[in-house]
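See structure below.
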Amino acid sequence: MSIMKSLLQQKETVVEGWLTYYVSVDDPYVFTLKNDHRLMDETGFVLENLFIGMTEDLRQMNTFARELGKAQFITSLGISHILFHIRLLEEFLLDYASENNVEPTNFRELYLFSIKLHQVFSSFTQHLIEGYTFATEQMILKKENQVIKESTKLIWIAEKVFLLPLIGKITDERAKQITETALYEACEQPVNYLIIDLSGVQLEAPHIGEYIENFFSSLKLVGVTPIITGMQPQMAKVMVQANLTEQGIKTYPTLRQATKVLMKEKEARNARK
């Protein structure tokens, strides 16, 4: 009988032995599990999928590991404890197999089993970390998008004149988020002129010209005239490459100059009435 088949037949005994061993480990994580069934349930799920990975379908086991990694992200215990758990479990299974399933003439089978066990555990750990990393990146992206959304607010300057100050690095993702949020804000406010100040911008978006062109076209469709201030040489190059200068977009070196011009135009219009 192979070591793996023996372990499968003794799965309940293996889990009980593991629990007895694990609660003897001096680790704060253990104390949080002693009075409930999380450790037993977690071990049962992990062992079941590890055995699947060793005997049937490695892909199914890896899928389980990724989902477990994602789930660990949303718990207060975090990934470090489950990795600690997995490392100890691998050591325990190898010791258990050595003590209970190997005769003096069967050390070669133990050697092959130990190699297979390590390979499977390594794959399990890799996909566990991948799942955790993916969940972490998604959460960070969600928070970044929320920050962008909250920071993309139109500032009232004068009657029907609003300011959109852009600061920091503009990546493709942020450019998309900014244009969507700002356009929504422009539609919700009584805006005739939107001054977009670029003096604090660092461009990192390869397709920024496309976003700007679509943004300006959308603003014009809803009756908003875009005005650019604080344009830097890098942005000027983007404007030329995207043929935005041919669309008659007004640009001014500073926000102050733009507001002065708009105020004079407003005074001139009032004088004609």
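The values are calculated or read from the model by the stated rules, or taken from the named source; none is laboratory data. Just so it is clear, the model here is predicted, and its values are computed rather than measured. Here the Cβ positions follow ideal geometry from the backbone for every residue, glycine too, while neighbour counts run over all protein chains shown. Accessible surface areas use protein heavy atoms only, side chains included; no ligands, DNA or RNA. Shrake-Rupley method; radii C 1.70, N 1.55, O 1.52, S 1.80 Å.
Would you be able to say whether some residue in segment 232-251 is outside the structural domain of LEU141 (by the TED database), in contact (Cβ under 8 Å) with a residue 60 or more places away in the chain and open to solvent by 20 Å² or more (accessible area, probe 1.4 Å)? Scanning segment 232-251, I find no residue that is outside the structural domain of LEU141 (by the TED database), in contact (Cβ under 8 Å) with a residue 60 or more places away in the chain and open to solvent by 20 Å² or more (accessible area, probe 1.4 Å), so the answer is no.
Condition check: farther than 20 Å from LEU255 by Cα and either assigned by the TED database to the domain that holds THR171 or out of contact with any His (no Cβ under 8 Å at 6 or more places or on another chain) (or both). Does TYR211 satisfy that? For TYR211, the condition - farther than 20 Å from LEU255 by Cα and either assigned by the TED database to the domain that holds THR171 or out of contact with any His (no Cβ under 8 Å at 6 or more places or on another chain) (or both) - is met. Taken over segment 137-171, the criterion of being at pLDDT below 85 and open to solvent by less than 40 Å² (accessible area, probe 1.4 Å) is satisfied by ASN145, ILE148, THR152, LEU154, ALA158, LEU166, GLY168, ILE170. Pairs meeting the criteria (first residue in segment 154-179 and assigned to a strand (DSSP E or B), second residue among the aromatic types (Phe, Trp, Tyr) and surrounded by 16 or more Cβ atoms within 10 Å (Cβ to Cβ), beta carbons under 7 Å, at least 6 apart or on different chains) are ILE155/PHE162; TRP156/PHE162; VAL161/TYR193. Of the residues making up segment 99-136, those that are over 18 Å from TYR22 (Cβ atoms) and hydroxyl-bearing (Ser, Thr, Tyr) are THR105, TYR111, SER114, SER122, SER123, TYR132, THR133, THR136. From GLY78, GLY44, grab the single residue that is at pLDDT below 75 and within 25 Å of the chain's Cα centre (by Cα). Unique residue meeting the criteria: GLY78.
There is no residue in segment 127-134 that is under 30 Å from VAL25 (Cα atoms), at pLDDT below 85 and open to solvent by less than 30 Å² (accessible area, probe 1.4 Å). Scanning segment 173-182 finds one or more residues that are polar (S, T, N, Q) and open to solvent by less than 20 Å² (accessible area, probe 1.4 Å). Can we say ASN62 is closer than 19 Å to HIS118 by Cβ, in a helix (DSSP H, G or I), at pLDDT 65 or above and under 24 Å from the mean Cα position of the chain (by Cα)? Taking the combined requirement at face value, the residue satisfies it.
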